[in-house]
1. For an R0 of 41 angstrom, estimate the FRET efficiency from the Cβ-Cβ distance between V55 and V209 and round to the nearest 0.05.
2. Among all the lysines, which ones have a C-alpha under 19 Å from K786's C-alpha, if same-chain residues fewer than 8 places away are not counted?
3. What are the semi-axes of the equivalent ellipsoid of segment 294-445, taken as the square roots of 5 times the eigenvalues of the Cα gyration tensor, listed largest first and rounded to whole Å?
4. Can you give me the distance in nm between label points at A218 and Q419, each placed 7 Å from the Cα along the Cα-to-Cβ direction?
5. Given the peptides 492-503, 516-527, arrange them by the average over their residues of other C-beta atoms within 10 Å, most packed first.
6. Please give, to one decimal in nm, the separation of the simple spin-label points placed at H139 and E171, each 7 Å out from Cα toward the Cβ.
7. Can you tell me which of 539-547, 816-824 comes out highest on packing, and rank the rest after it, using the mean Cβ neighbours within 10 Å?
8. Simple spin-label model, 7 Å along Cα-to-Cβ: K333 to R726 in nm?
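The values are calculated or read from the model by the stated rules, or taken from the named source; none is laboratory data. On a predicted model such as this, the values are computed, not experimentally measured, just so you know. No Cβ is skipped: glycine too gets one built from the backbone with ideal geometry, and neighbour counts run over all protein chains shown. Quick note on the areas: whole protein, heavy atoms, side chains included, nothing else; ligands and nucleic acids left out. Shrake-Rupley method; radii C 1.70, N 1.55, O 1.52, S 1.80 Å.
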Amino acid sequence: MKQQEQSPGPGGDPLALLVPVRRVLWLLVPLLPVYVCGRLGLGPLWLGLGSLLWVLWLRNKRSKAARLTAAWELLDDESLGVTRGLNPQQLPSWVNFPDVERVEWVNKVLGQAWPYFGAYVERMLTEKVEPLIRASNVHLKAFTFTKISFGQKFPRVNGVKAYAKNVDKREVILDVQICYTGDCEINVEVKKLCKAGVKGVQLHGTLRVILAPLLPEAPFFGAVTMFFIQKPHLEINWTGITNVLEIPGVSDMSDSMIIDIISSHLVLPNRLTVPLKGHVNIAQLRYPVPQGVLRVHLIEAENLIPKDNYLRGVIRGKSDPYVVLRVGNQMFKSRTIKENLNPRWGDTYEFVVHEVPGQDLEVDLYDEDPDKDDFLGSLVVGLEGVMKDRVVQEWFPLSDVASGKVHFKLEWFSLLAAQEKLREAEKGLTTAMLIVYLDSACNLPRNHFEFSNNEYARKQKYASYPKVEKEPSAYVVLSVGKKFTKSKTCAPSKDPVWEQGFAFFIQDPHMQHLHAEVKDDERQCVLGLLDFPLHRLLGCEDLTAEQRFPLSNSGADSGVRMKLVLRVLHVEEPDPEAVYSGINSMKHGPVSIRRAQEAKPRGKQHKPSEGQQQSSQGHAVPPPKLLRKDSAANSAQRPNHAGHEQSTAAPRNPTGSAPRNPNLRTLQRIAPSLISLNSVASSCFDPYEGHGATDVVSGEIQISVQYVSSRRCLSVTVGCCRNLTRCSSTGADPYVRIYLLPDRRWPSRKKTTVKRKTLNPEYNEKFEFLAFLEDVKKRMLDVAVKNNRSFGSHERKELGKVLVDLSTADLVEGFTEWFELTPSGHPGS
């Protein structure tokens with residue numbers, strides 16, 4: 001009986017017999033590629049290449065799915081994701097910046113309306129898009145959407161920032177930070193053979209919305225203009241036959257192509273304008289006059305890290321550095337300097353700047369290699385400070401690397417409608433800008449002309465062709481000198497509408513011309529020609545011409561409507577009330593900015609004389625004020641701001657003595673609230689640590705402190721020390737270590753360079769701590785002077801320290817003081 005139950009007879013379940021057969025087939029599947037390669041006569045190399053491609057595809061697919069799953073988990077429980085210690089770059093901006101508002105009510109509205117939006121889009125795809133795709137090609141007659149689902153994950157607004165200062169009173173500017181991590185699923189099919197689709201999309205970006213002009217009647221603004229300031233981040237999880245797009249390299253190329261399509265419509269300088277009133281000038285809103293021109297002089301770099309190593313790092317080589325500069329969609333790449341860690345370029349680049357704040361100068365340095373270029377550092381320069389100071393010449397430290405800095409000279413040119421400001425071009429630099437707004441064309445001919453040897457003539461072969469009634473698909477090629485640009489191609493029409501804007505740099509408006517060719521995209525022939533001398537704009541009002549320009553070698557009444565605006569590049573004088581506060585240079589946080597005096601020739605620094613030392617120790621001089629940068633010339637001739645002036649700065653105390661002990665009770669009172677800032681650092685911080693030590697003065701240190709609101713950071717400058725304790729017969733090798741308590745983590749530590757064999761070192765080094773002003777006022781600076789002793793030495797390590805209370809000082813105004821150094825950080829008795 002048991003035997004009959006275990007072995008089914010002929011009338012038993014036939015599915016049970018398929019189980020071992022299925023297992024055998026799965027075991028034979030890995031051998032299928034081997035059989036195919038042998039059948040086709042391919043060698044083992046092809047098999048290995050296919051296996052490698054399969055592994056890379058599988059890894060890329062799993063990585064993308066993991067990122068999408070993590071993003072979904074963050075959307076489901078945002079507070080849990082924050083407490084897990086996310087990277088600050090992944091946090092919503094309202095967590096880091098108080099001027100960005102969290103509009104959670106908008107997300108609730110989007111969540112409620114999302115299913116209805118999905119139903120609307122599904123109906124539009126099936127009723128309108130699907131018939132259009134079927135009619136576009138004979139091979140797509142069987143095209144159909146098999147599944148359309150937008151899922152439960154809806155787009156979110158991570159924050160909204162409104163600009164109320166330094167903007168036109170007739171407009172409202174909003175920066176809306178959009179995040180869409182969707183579980184949408186859209187599948188398509190052609191003849192039940194080709195199946196493709198999308199399952200999961202990630203899109204992140206900052207969308208700027210401009211409501212302008214404001215009106216005294218409903219709806220109170222004439223139009224809505226939208227655009228992305230930078231290219232948004234896009235990641236798509238493909239399915240079906242489009243899985244081939246997941247292959248490394250192909251995936252990046254496909255995503256970049258989609259981003260380029262979005263950029264051609266919604267990324268600066270392209271804008272989407274929706275008019276709400278009939279009398280609004282749409283052309284001016286869609287392509288306004290840029291805010292200015294940034295001229296970047298890439299001078300040199302110093303102390304770059306070596307990347308060319310030989311024998312697996314045994315022999316340290318150098319690097320072949322080059323620089324990539326970006327402002328929005330504009331990008332330039334410098335020439336490569338071979339085998340040099342201190343390269344000099346001396347190159348000049350010019351960028352059109354449309355939105356400030358919004359657009360920044362992004363700089364990346366790379367080491368050129370035959371296989372893959374190595375990263376040498378990066379930085380971001382905020383253009384608000386450059387626009388305010390007009391001319392800036394500084395050494396900018398590089399982020400994300402151990403060492404390296406780049407010397408730039410940045411010039412901000414305003415665009416003026418003043419012919420008297422026009423000057424002759426120097427060394428091939430531009431003096432003006434031509435802005436072309438290409439509106440439309442009218443009455444384009446159906447007779448086709450072809451350009452050959454600067455003559456327009458109808459080819460004989462066209463005479464034998466039958467008359468073609470199809471209207472042209474027109475586009476325009478604009479050129480000034482050697483620069484060419486092409487407009488979009490319109491649908492077949494004799495009266496195409498482009499509504500696009502372009503900008504050209506002009507060296508000599510008296511000699512250069514604007515050349516325009518209207519062409520037919522399908523037949524690749526010229527439909528009309530326009531040659532416009534730019535000197536004619538000099539006689540127009542406001543240097544602007546807006547009219548319908550007739551086309552030559554075209555139809556009798558053919559023309560193109562354009563608006564031509566000529567603007568003169570001019571460096572204006574900076575605002576006398578503006579103070580120089582440095583340039584915002586950060587990539588993943590603030591980095592130190594070296595002042596313009598470092599542009600002086602490098603050489604051995606001379607020590608001050610004895611008389612100068614006595615003057616700095618015995619006389620009180622008012623603390624130095626921040627200087628305004630008037631021009632590049634006086635920036636190089638300005639006295640050393642961080643060294644010469646601060647070395648003679650006196651304490652704020654009217655009695656001339658050292659400042660009193662900071663109030664430690666204040667820090668003890670606010671210490672529990674700081675646990676939320678950094679639990680690790682707070683748990684190990686004791687404000688009374690070392691209080692029982694003998695308060696013997698072991699020297700003095702000069703410190704300058706100021707809060708820089710534009711960069712949201714605390715700037716601490718270590719000037720110099722005097723009368724330090726001798727550690728050996730040669731003196732000491734002192735350096736300064738700084739913590740912003742209660743954060744005592746090793747990555748948060750700031751450290752100066754080591755000065756050898758001296759008891760009166762001069763540093764003049766600046767450090768920055770990223771924090772809000774309200775937070776900084778609740779914290780303390782722990783500044784210690786230490787001796788850089790050798791390994792195994794019994795010399796004294798710590799020479800003295802001081803705790804600087806930041807709660808009682810005016811940090812925005814800043815101060816420069818001498819502090820006594822003691823073993824416990826308390827001033828001596």
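1. Plugging the Cβ-Cβ distance into 1/(1 + (r/R0)^6) gives 0.35.
2. Straight-distance partners of K786: K750, K751, K755, K757, K766, K797, K801.
3. Numbers: eigenvalues 257, 71, 42 Å².
Here the semi-axes work out to 36, 19, 15 Å.
4. In this crude label model, A218 to Q419 measures out at 4.9 nm.
5. Numbers: 492-503: 17.3, 516-527: 18.9.
Descending mean neighbour count gives 516-527, 492-503.
6. Rounded to a tenth, the inter-label distance reads 4.6 nm.
7. Working: 539-547: 13.2, 816-824: 21.9.
Result, highest mean first: 816-824, 539-547.
8. 6.0 nm
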